[in-house]
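A short write-up of the structure that comes next.
The values are calculated or read from the model by the stated rules, or taken from the named source; none is laboratory data. The shown structure was predicted, so the numbers you read here are calculated from the model rather than taken from an experiment. Every residue, glycine as well, gets a Cβ built from its backbone with ideal geometry; the counts of neighbours run over all protein chains shown.
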Amino acid sequence: MNTRSTAVVPPTGSSLWLHLGVLLGLMLVTMAGLRHAAAPVPDAAQAHDFELPRAMQDLARIAAAPHPLGTEQHAVVRDYLLDRLHALGLEPQVQSGSAVAADHRAVGRVENIVARLPGTTPGKAVLLAAHYDSVPAGPGAADDGASVAAILETLRLLKAGPALRNDVVVLLSDGEEAGLLGATLFARQHPWAKNVGVIFNFEYRGNSGPVWMFQSSEGNGRLIREWQSVLPEGPGSSLLYEVYRALPNDTDFTVLKSLGPGLNFAAGENYNSYHTALDTPEALDPSTFQQQGDILVALTRHFGTLPLDKLAADDAVYFDVPGLGLVQYGSGVAVAAAVLVLGLFVATMALALRRSKARATRLGIATLIVLLASALLAGLCQLAWFGLLLVHPGYQLSAHGSTYNGGWYLAAFGVLSVTAFIMLLRVLRRRFEFMELTLAALVAPVVLMVVTLVLAPGASFLMTWPLLAAVAALLATQLLPQIGQSERATTLLALVAAIPALLLFVPLIHLLYVALTPALLVVTIMAATLLYGITSPLLLGLCSSRWLVHAGWFASVALLVGGAWTSGFDAKHPQPENLLYAQSADSGEAWLVSENDELDAWTRDLFGAGTKRTALKSVFGPSADPVWAKPVPPLFDKAPVVDVRSDRVEGGQRVLELDVRSGRQAPRVQVSVDGAAVQQADVQGEIFTRSETPKWRVNAYAMGDEPVRITLRMKAGTPFSVRVRDISFGLPQALGPRPEGLVAQAFGSSDTLQVAKTVKFD
């Protein structure tokens, strides 16, 4: 017979006012965390050295139009930046050369702009880095024109003030969007790269929100302490670096950090502007831009006066807390804190077992149920998002599923998941003791704390400090009967113990949703379930309120309805769509092409009735997916050029040496090998591929008349073909501009003019 104890159990008759007070407290702490996830609004009365209007003037010139590598507008921006640096009294250089980035399958000719502001003492230099090229689809106001303009304004302030101890080197890199080509060229060949003492790189992944320090170099302890002394509010955390390392993303800092210690900064709100025509100076959040400028000026002045030859130290765990600022400590503290949490958790569990507040078998069963239910909840939320994509097909064209009204869905799935978790606790409470459920809910966070401490120590703080508060409060309810037997005392203690978890998890959940988009909603909800597990003592106190559960379901539906109500597109929130021109030099045919799943009103009118999806293998290769294709007259009479310099067999390998170039000097040339695996390849005299690669390709940028020199080694006797596409940017002029409410799709081949040629080798 199972006898349920009443100790440490919030009674089912909890008062309405107590629950309302708890909800109010939760809302206030949650709002504090969300406010922390927004860019700070500059105080009008506060004096800023960084003058935003000046920087905006530069930005207007830099981001007047798209300026990708190899285009005329790119040269216009380059010349403007050179003139501005001359006007500041510097002597800028243009570092021109060819760079090869094998990990990005890219090669190109780039033109870095570098300048040096001399200091008073010879030694290491401070490197300020940002890239000045944009993507073809957008003018790049945020990515990364704002960072370039901020560096120009910082240089003006430094020139107007007393000289710094250290030199300040500026790298306005080229070809970042093509594959970090400019940073690669600088790191490998520029003489100033050998004397870098500290690096600050600035990027954007949207056009608003706080400027996060999301990545640091290894051995960052001293660097973080200095950052904390200059910018005690952050924001940033070592967790972000651990997350970023797991993502397939790179910035120039990926290359530059090999030169010395450094920090990488970025803002990432409003992802829908990223790499699109919406990335304009007018759309850039001035609060974000001001914060970036203030950070840049403060860091440069501070590190400009420090000796830079002793910045190496042990790695630090660091994070910022709303209202408290930046916290940092070494690995020893991280281990000690984790051991303390683990000890308290084991002691709490042992005491509960000894006092029969929990039974080992039932505790194990409850743990398994909570783990499986949490995973199921996250999976169901992801499936629900996939269902919303069917209801709103326009979302599928957005960047990785990001939407203009993403706040509605974050709130909806947040309320939905916490309500479902409370409902789960309500059901389980009928079968399990209070201590069995709370300890079961804490098992996953405790295990994750240990795992992160070993594998990703920078992330360990997220579990350690919320768990310390939660477990200490839970142990107190067992050791102090006057607390454990009082509903009011137990609930208020649980609320206080939940504050560290809320302050750390709420900004993280928001950031994960923004960074990963709803396409990986499962990750965001899994993080949320960890928060629910840590705060389970408080949620168990709320699960007895039926009105609260009903209100949660109602709020979830209302928020989803709000998402549906705001799901449309308009001039300020245009619908992404894909359209390009493709031509086969072999057949002489040409097509207007759309890779959309379904045509929109404009493209339906362009393509006409009866248009079908077909695979254009002569352009896109033998494994091409079906696309909407309408035959049109060819636009170009010049095809890509493939010159065979040598074709021979050596040691069982066929060695093919090629010179490939664009007959019309397109800014991009893509070379692919179809039908055979490439065992080794050299590009521009550098080893490009060392191991067997089935679908080999390289993208060459801004080569002009210069050919791309390629050497391929493959198994002899295997027929294959080399397919070359030269790619320019835009659409046929006869189409005219897009109608209002449409914008070129990001991260794809939209708005390109492509000519393909295939050469077969038997």
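With respect to being farther than 30 Å from Thr348 by Cα, hydrophobic (A, V, I, L, M, F, W, C) and not in a loop (DSSP other than H, G, I, E, B), Ala571 falls outside the description. Among the residues of region 187-205, is there at least one that is surrounded by fewer than 24 Cβ atoms within 10 Å (Cβ to Cβ), within 17 Å of the chain's Cα centre (by Cα) and either outside any helix (DSSP H, G or I) or at pLDDT below 95 (or both)? Within region 187-205, one or more residues are surrounded by fewer than 24 Cβ atoms within 10 Å (Cβ to Cβ), within 17 Å of the chain's Cα centre (by Cα) and either outside any helix (DSSP H, G or I) or at pLDDT below 95 (or both). Residue pairs whose Cβ atoms lie under 7 Å apart, sitting 6 or more positions apart in sequence or on different chains, and linking a residue in region 634-658 that is touching a residue at least 24 places away in the same chain (Cβ under 8 Å) and surrounded by fewer than 12 Cβ atoms within 10 Å (Cβ to Cβ) to a partner that is assigned to a loop (DSSP other than H, G, I, E, B) and small (Gly, Ala, Ser), are Val649/Ala716; Gly652/Ala716.
In this entry, Ala624 is excluded by the filter for residues that are closer than 29 Å to Phe720 by Cβ and surrounded by 15 or more Cβ atoms within 10 Å (Cβ to Cβ). Scanning region 85-94 for residues that are surrounded by 20 or more Cβ atoms within 10 Å (Cβ to Cβ) and not hydrophobic (A, V, I, L, M, F, W, C) returns no hits. Going by the conditions given, is Ala582 in contact (Cβ under 8 Å) with a residue 24 or more places away in the chain and either assigned by TED's automatic domain parsing to the domain that holds Trp385 or out of contact with any strand residue (DSSP E or B) (no Cβ under 8 Å at 6 or more places or on another chain) (or both)? No.
Would you call Leu475 more than 30 Å from Leu559 (Cβ to Cβ) and in contact with a helix residue (DSSP H, G or I) (Cβ under 8 Å, 6 or more places away or on another chain)? The answer is yes for Leu475. Scan region 83-114 for residues that are in contact with an Asp or Glu (Cβ under 6 Å, 6 or more places away or on another chain) and among the hydrophobic types (A, V, I, L, M, F, W, C) and the total you get is 3. Against the test of being among the hydrophobic types (A, V, I, L, M, F, W, C), outside the structural domain of Ala101 (by TED's automatic domain parsing), without any contact (Cβ under 8 Å) to a residue 12 or more places away in the chain and on the phi < 0 side of the Ramachandran plot, the options Ala677, Ala734 yield a single qualifying residue, Ala734. Selection over region 75-92 of residues that are in contact (Cβ under 8 Å) with a residue 60 or more places away in the chain and either touching a Ser or Thr at 6+ places or on another chain (Cβ under 9 Å) or β-branched (Val, Ile, Thr) (or both) gives a count of 0. Of the helices (runs of 4 or more DSSP H) lying entirely inside region 461-551, not one contains at least 3 residues that are among the aromatic types (Phe, Trp, Tyr), surrounded by fewer than 22 Cβ atoms within 10 Å (Cβ to Cβ) and not assigned by TED's automatic domain parsing to the domain that holds Leu388.
The single residue among Val759, Val743, Val698 that is touching a Phe, Trp or Tyr at 6+ places or on another chain (Cβ under 7 Å), outside the structural domain of Val110 (by TED's automatic domain parsing), assigned to a strand (DSSP E or B) and not small (Gly, Ala, Ser) turns out to be Val698.
Residues of region 22-80 being assigned to a loop (DSSP other than H, G, I, E, B), of a type in the set (D, E, K, R) and either in contact with a strand residue (DSSP E or B) (Cβ under 8 Å, 6 or more places away or on another chain) or at pLDDT 65 or above (or both), which ones? Within region 22-80, Asp49, Glu51 meet the criteria.
Here is the figure for region 112-127: residues that are in a strand (DSSP E or B) and among the β-branched types (Val, Ile, Thr) total 3.
Of all residues in region 95-108, those satisfying the criterion of being under 18 Å from Arg661 (Cα atoms) and more than 27 Å from the chain's Cα centre (by Cα) are Gly97, Ser98. Restricting the search to region 336-354, which residues are loosely packed, with under 14 Cβ neighbours inside 10 Å and under 37 Å from the mean Cα position of the chain (by Cα)? The answer is Ala336, Val339, Gly343. Which of the residues that make up region 594-604 are surrounded by 15 or more Cβ atoms within 10 Å (Cβ to Cβ) and either more than 30 Å from Pro640 (Cα to Cα) or in contact with a helix residue (DSSP H, G or I) (Cβ under 8 Å, 6 or more places away or on another chain) (or both)? Correct list: Ser594, Asn596, Leu599, Asp600, Trp602. Among the helices (runs of 4 or more DSSP H) confined to region 211-272, the ones with at least 1 residues that are within 18 Å of Asp103 (Cβ to Cβ), modelled with pLDDT of 90 or more and touching a strand residue (DSSP E or B) at 6+ places or on another chain (Cβ under 7 Å) are located at 252-256.
Scan (1) of a type in the set (S, T, N, Q); (2) within 27 Å of Leu448 (Cα to Cα); (3) in contact with a Leu (Cβ under 7 Å, 6 or more places away or on another chain) for the single condition Gln328 breaks and write down its number. The single condition Gln328 does not satisfy is (3). In region 209-230, of all residues being surrounded by fewer than 21 Cβ atoms within 10 Å (Cβ to Cβ) and within 21 Å of Gln290 (Cα to Cα), the one that is nearest to the chain's Cα centre (by Cα) corresponds to Gln228.
Out of Lys617, Lys572, I need the residue that is outside the structural domain of Ala384 (by TED's automatic domain parsing) and within 24 Å of Leu410 (Cβ to Cβ). Which one? Answer to the check: Lys572.
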